[in-house]
Amino acid sequence: MLRKILSSLTRIWNKWSYILISGSLAIAIIVSNTHPLRSQIVSSSEAVSPPKEELVDLEKFSDMVAKLEAKWESDYEGYFDRNFSNRSRSAKQIAKHLKEIQEQINIRPAVIWAVPKDDFLQLILITPEQQFVTKKVRGADRERLTSMVERLETGIADRRSLKYLPPARLIHRWLFKPLEPYLEAEQIDTLLLCTGPTLRSLPFAALHDGEQFVIEKYNLARIPAFNLTDTSYKPKPEKKVLAMGASEFKDLPSLPGVEVELETIVPKLWSGRKILNQDFTVQNLKNAHQQGGFDIIHIASHSKFKSGSPEDSYIQFGDRKMSLDQIASLELELPPVDLLVLSACETALGDHDAEFGFAGLAMQAGVKSALASLWAINDSGTVVLMSEFYQKLKSIPVKAEALRQAQISMLKKKVYVEENKVKGSAVEVNLPASTIETQSENFDHPFYWAGFTIIGNPW
C-alpha cells in the first residue's frame, strides 16, 4: 500500500516538475525572442563563435547615437561657420544602409564611435546584421588616453626605433579589443571611425594587437559623423584624374619628387590632365575641373592644418595660399569629385582645432572622400605610397582598400628604393637624387605609411 502511495506521489511530482520547467523555458524563449538587439549568429562551420547576447534597449541606444551625431554636427558647423547635412538616421537605418553597401560591394562595413570621457572611453558599434553594442572602457579615461596618444605620436616620429609599439598595443586594447568578438562574428573588414577630441588625428593604422597592425586586418576611414558623410556608392569604371602641383616655392622648401609623382599618376597610370608649377593656380584648377569634370583631383604641394580657425589652415598653390575656409569656393561638387588627394600635408597632431579641420576636410571641400596625411614624410616615401595607391585603385574599387594595400606594400617591404629607383613596383619610377636620404631606403616603419588616411566615404 505504501509503495503505491509513493509511486503516485512520484508521478505527480514529475508531472509538476515538467510543467514548471517547460513554463520557465517558454518564458525565457519569449523574452529572448522579443528582445530587439541580437548579436549576429554565425554558422557552426565558421571558426569564430558569436558573442553572447547583451541586453541593450534599442530606443535608448538609437537616441544616444542621434544625440552624439547632433552634437558633433553642431561642433563642425560652429568651427566652419556653415550649415551641413540635416539628415538623421536611426540605429536601424544605419545598419540597413551598411547592409545595402555590403550587398553592393564585396566588403563588410561597420561604424565605430569612440567618445573620450573624463572617467572612461565610450565605444559604440553598429554592424550590417544589426549588432548594436555599447561599451565603457574604464581604464581609458580622457587624461590617460591623451597621454598615451601623445606617446604613440612621439614614438612614430622616431623612425629608427620601436618606441611606438607599447602605446600602440595599449590603445588597441582600449579601442578595438572590446569590439573584436562582434566584428569577427560578421567578418567585418571595413571600419568607419567616428571619434571625439584627441582621437580625430590618431594614426589608427599604426595600432597593434601584439601580432599585427590594424591596417593588416581592416580597411579604415575616419568620418566626422555618419550623418555628415556621403556614404552612397555609385560605381564608375573609367575615372579621370586632374593632377596638379608645384616643386618650387618662394618661401617654402622645394618638393623635387612632385614632378615624378604627377608624371607617374598622369599619364603612366591614369588618363587625365597634369598641371605643374607656374600653372598650378586656384583659377586653373576651377577652370580645368568645370571643363573636364574630373573624378579625382590630386594636389601635390605643401598644406598645413593649424590651431585656430579654418583661416589658419591652408593649401599652398603656385600663386597663393588657399585657407581651409575658402576651399568650398572651388566648387568641387559641380560636377561632383569622388576623391580629393592632398599629397605631403601635415596637421598639428592632437590639437583640437587642427583635428576638426583635418577630420572635416572632405565635408568642407564638398567631395565624397579625401586622402591626406597627418604628418609630412620625405619626398621619396610620398612618391612611393602615391604610386602604389593609384596602381591599386585601378583594380580595387574601394578607396580604403586600395590605400590599405599600398600601405601593406610598404610595411612588408614589397616596395623600396634602391639606387634612385623604386623597386617592387609594377610601374617604373625614377626618383631625383635629392629626394632620398641614402642610396637604399625601405619604408616599413609606420612613420612612412600610417599617417595617410581616407577621410569620408571609404568606397
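The values are calculated or read from the model by the stated rules, or taken from the named source; none is laboratory data. Not measured: the values here are computed from a predicted model. Methodologically, a virtual Cβ is constructed for each residue, glycine included, from the backbone with ideal geometry; neighbour enumeration extends over all protein chains shown. Keep in mind that these areas ignore ligands, DNA and RNA; they rest on the heavy atoms of the full protein, side chains included. Shrake-Rupley method; radii C 1.70, N 1.55, O 1.52, S 1.80 Å.
Some points to look at:
- The requirement of being within 27 Å of LYS236 (Cα to Cα) and open to solvent by less than 10 Å² (accessible area, probe 1.4 Å) is not satisfied by LEU334.
- Selected residue (criterion: modelled with the lowest pLDDT) from residues of region 169-197 that are part of a loop (DSSP other than H, G, I, E, B) and closer than 16 Å to VAL115 by Cβ: PRO197
- So ALA205, is it surrounded by 19 or more Cβ atoms within 10 Å (Cβ to Cβ), in contact with a helix residue (DSSP H, G or I) (Cβ under 6 Å, 6 or more places away or on another chain), at pLDDT 95 or above and not in a helix (DSSP H, G or I): no
- Identity of the residue in region 381-402, in contact with a Pro (Cβ under 9 Å, 6 or more places away or on another chain) and open to solvent by less than 10 Å² (accessible area, probe 1.4 Å), that ends up farthest from ILE299 (Cα to Cα): VAL398
- Boolean, VAL417 is touching a helix residue (DSSP H, G or I) at 6+ places or on another chain (Cβ under 7 Å), open to solvent by less than 10 Å² (accessible area, probe 1.4 Å) and not small (Gly, Ala, Ser): yes
- Among (1) farther than 15 Å from ILE188 by Cα; (2) surrounded by fewer than 17 Cβ atoms within 10 Å (Cβ to Cβ); (3) not aliphatic (A, V, I, L, M) - the single one LYS99 does not satisfy: (1)
- Screening region 123-148 for residues that are within 16 Å of LEU170 (Cα to Cα) and among the β-branched types (Val, Ile, Thr) and picking the one that is nearest to the chain's Cα centre (by Cα) gives THR146.
- Residues of region 339-387 satisfying the condition of being small (Gly, Ala, Ser) and closer than 23 Å to ARG159 by Cα: SER343, ALA344, ALA348, GLY350, ALA372, SER373, ALA376, SER380, GLY381, SER387
- Flag if ARG82 is under 30 Å from THR347 (Cα atoms), charged (D, E, K, R), open to solvent by 30 Å² or more (accessible area, probe 1.4 Å) and at pLDDT 95 or above: no
- Qualifying residue in region 441-450 (condition: in contact (Cβ under 8 Å) with a residue 12 or more places away in the chain, hydroxyl-bearing (Ser, Thr, Tyr) and either surrounded by fewer than 24 Cβ atoms within 10 Å (Cβ to Cβ) or in a strand (DSSP E or B) (or both)): yes
- Residue pairs meeting the criteria (Cβ under 8 Å; at least 6 apart or on separate chains; first part of a strand (DSSP E or B), in region 276-302; second open to solvent by less than 50 Å² (accessible area, probe 1.4 Å) and among the basic types (Lys, Arg)): ILE296/LYS239
- Qualifying residue in region 378-395 (condition: in a helix (DSSP H, G or I), under 26 Å from GLU73 (Cα atoms) and within 18 Å of the chain's Cα centre (by Cα)): no
- Residue that is surrounded by the fewest Cβ atoms within 10 Å (Cβ to Cβ), among those in region 119-166 that are assigned to a helix (DSSP H, G or I) and charged (D, E, K, R): GLU143
- Subset of region 83-142 [among the basic types (Lys, Arg), more than 17 Å from LYS71 (Cα to Cα) and without any contact (Cβ under 8 Å) to a residue 60 or more places away in the chain]: LYS92, LYS96, LYS99, LYS135, LYS136, ARG138, ARG142
- Criterion applied to ALA328, ALA426 was being open to solvent by 20 Å² or more (accessible area, probe 1.4 Å), more than 21 Å from PHE447 (Cα to Cα) and part of a loop (DSSP other than H, G, I, E, B), and the one residue passing it is ALA426.
- If only residues of region 255-273 that are out of contact with any Gly (no Cβ under 9 Å at 6 or more places or on another chain) and free of Cβ contacts under 8 Å to residues at least 60 places away in the same chain are counted, the one that is surrounded by the most Cβ atoms within 10 Å (Cβ to Cβ) is GLU263.
- Taking each residue of region 180-207 that is within 22 Å of LEU68 (Cβ to Cβ) and looking for partners that are at pLDDT below 95 and assigned to a strand (DSSP E or B) with beta-carbon atoms closer than 8 Å, six or more apart or interchain, yields SER201/THR347.
- Residue in region 215-226 that is in a helix (DSSP H, G or I), under 22 Å from MET363 (Cα atoms) and either open to solvent by 50 Å² or more (accessible area, probe 1.4 Å) or touching a strand residue (DSSP E or B) at 6+ places or on another chain (Cβ under 9 Å) (or both) present: yes
- Index of the failed condition, ARG169 passing every other in (1) of a type outside the set (A, V, I, L, M); (2) touching a helix residue (DSSP H, G or I) at 6+ places or on another chain (Cβ under 6 Å); (3) open to solvent by 50 Å² or more (accessible area, probe 1.4 Å): (2)
- Per-region count, region 172-196, residues open to solvent by 40 Å² or more (accessible area, probe 1.4 Å) and either of a type in the set (Asp, Glu) or in contact with a Ser or Thr (Cβ under 7 Å, 6 or more places away or on another chain) (or both): 2
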